[in-house]
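A.B. asks: Please find one structure pasted underneath; my questions will follow.
Values in this text are rule-based calculations from the coordinates and carry no lab data. Computed from a predicted structure; not experimentally measured. Here Cβ is always computed from backbone atoms with ideal geometry, including for glycine, and neighbour counts include all displayed protein chains.
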Amino acid sequence: MNKYWISEIFTSIQGEGEVIGTPSNFIRLAGCHLRCIWCDTKYSWHKYEGKLLTIEEILSKINVNIHFTTITGGEPLLQDILPLVETLKSYNHTVLIETSGTIKPPAKLRELVDIFSVSPKLSNSGYKFKYNFKDDDWATYYKFVIVNPIKDLGEVVKFVEENNINPRKVILQPDGRNREYIKSLRDLTDIVLQLGLPFRVLPQLHRIIGVQ
């Protein structure tokens with residue numbers, strides 16, 4: 001019987017990325033191998049602080065009227081989520097996986113998952129990774145957290161060039177910890193326009209409307 005370490009399960013709207021505003025069930029898996037400075041879900045870092053639930057127990061906690069489910073974390077690809085995704089797909093769910101991009105999903109999972117929302121970590125996270133998507137671009141889109149626009153945007157441009165990424169797949173969003181969030185969103189937009197960058201700037205909608 002498949003069991004998963006779960007941090008929380010709730011229903012809200014998707015607050016970011018290409019599906020922003022979409023009603024979604026959220027299954028947040030517990031456990032992460034990263035410790036990003038600006039992480040807003042630090043309570044999901046440690047696996048054993050979650051609850052061990054079966055697929056049936058997980059399904060009993062989601063909204064059956066919503067057929068869009070986001071599996072997030074933590075880092076969901078640390079656990080074997082294939083059986084969970086297979087079950088959700090059998091109930092005609094659109095499945096979105098939110099991941100750091102540091103773990104490549106297996107082929108079968110890639111066939112089933114509808115959307116891979118990949119958040120590569122810039123140096124503002126406290127990490128410096130060498131990603132390789134040039135030969136295998138499995139992400140549906142990329143989201144970057146921008147803390148220091150001038151410095152961070154340079155890293156985004158380098159990532160796009162080195163990995164031969166379609167700029168239309170790149171989404172920028174300000175650091176959600178910023179108390180002047182709307183101003184930071186406006187400032188980021190202004191700089192992107194000034195630099196003539198082809199990337200999309202999107203908010204974290206849940207920051208603005210005050211939902212989970």
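A.B. asks: Rounded, prolate or oblate: which fits segment 1-110, taking a ≥ b ≥ c as square roots of the Cα gyration tensor eigenvalues, rounded meaning a/c under 1.5, else prolate when a/b beats b/c?
C.D. replies: rounded
A.B. asks: Using only Cα atoms, figure out Rg for the chain and give it as a multiple of 2.2 N^0.38 Å.
C.D. replies: 1.01
A.B. asks: Return 130, 151 ranked ascending by Cβ neighbour count within 10 Å, so the fewest neighbours appear first.
C.D. replies: The most exposed by this proxy come first: 130, 151.
A.B. asks: Sticking with this structure for a sec: Which residue fluctuates most in the GNM of the chain (Cα springs below 10 Å): 194, 173, 14?
C.D. replies: So, out of 194, 173, 14, the one fluctuating most is 194.
A.B. asks: What value, in deg cm²/dmol to 500, does the helix sum -39500 (n - 2.57) over DSSP H runs of n ≥ 4 give at 222 nm once divided by the residues of the chain?
C.D. replies: Mean residue ellipticity, 222 nm, calculated: -7500 deg cm²/dmol.
A.B. asks: For each of 153, 197, 88, count neighbouring Cβ atoms within 10 Å of the residue's Cβ, then give the residues from fewest to most.
C.D. replies: Ranked by crowding around the Cβ, least crowded first: 197, 153, 88.
A.B. asks: Under a Cβ-Cβ limit of 4.7 Å, which cysteines in the chain have nobody to pair with?
C.D. replies: Cys with no partner Cβ under 4.7 Å: 32.
A.B. asks: I need the calculated FRET efficiency for the pair residue 89 and residue 43, taking r as the beta carbon distance and R₀ as 35 Å, to the nearest 0.05.
C.D. replies: 0.80
A.B. asks: Could I ask something else about it? Quick check on my link table: of 130/158; 3/51; 89/143; 42/89, which ones sit more than 18 Å apart, alpha carbon to alpha carbon?
C.D. replies: 89/143; 42/89, as the Cα separations exceed 18 Å there.
A.B. asks: Just rank 39, 32, fewest to most, by other beta-carbon atoms within 10 angstrom.
C.D. replies: Listed from fewest to most nearby Cβ atoms, that is 39, 32.
A.B. asks: Please work out how much length the chain gains when fully extended from residue 65 to residue 138, using 0.36 nm per residue of separation minus the C-alpha to C-alpha distance, in nm with one decimal.
C.D. replies: Taking residue 65 through residue 138 to full extension adds about 23.3 nm, to one decimal.
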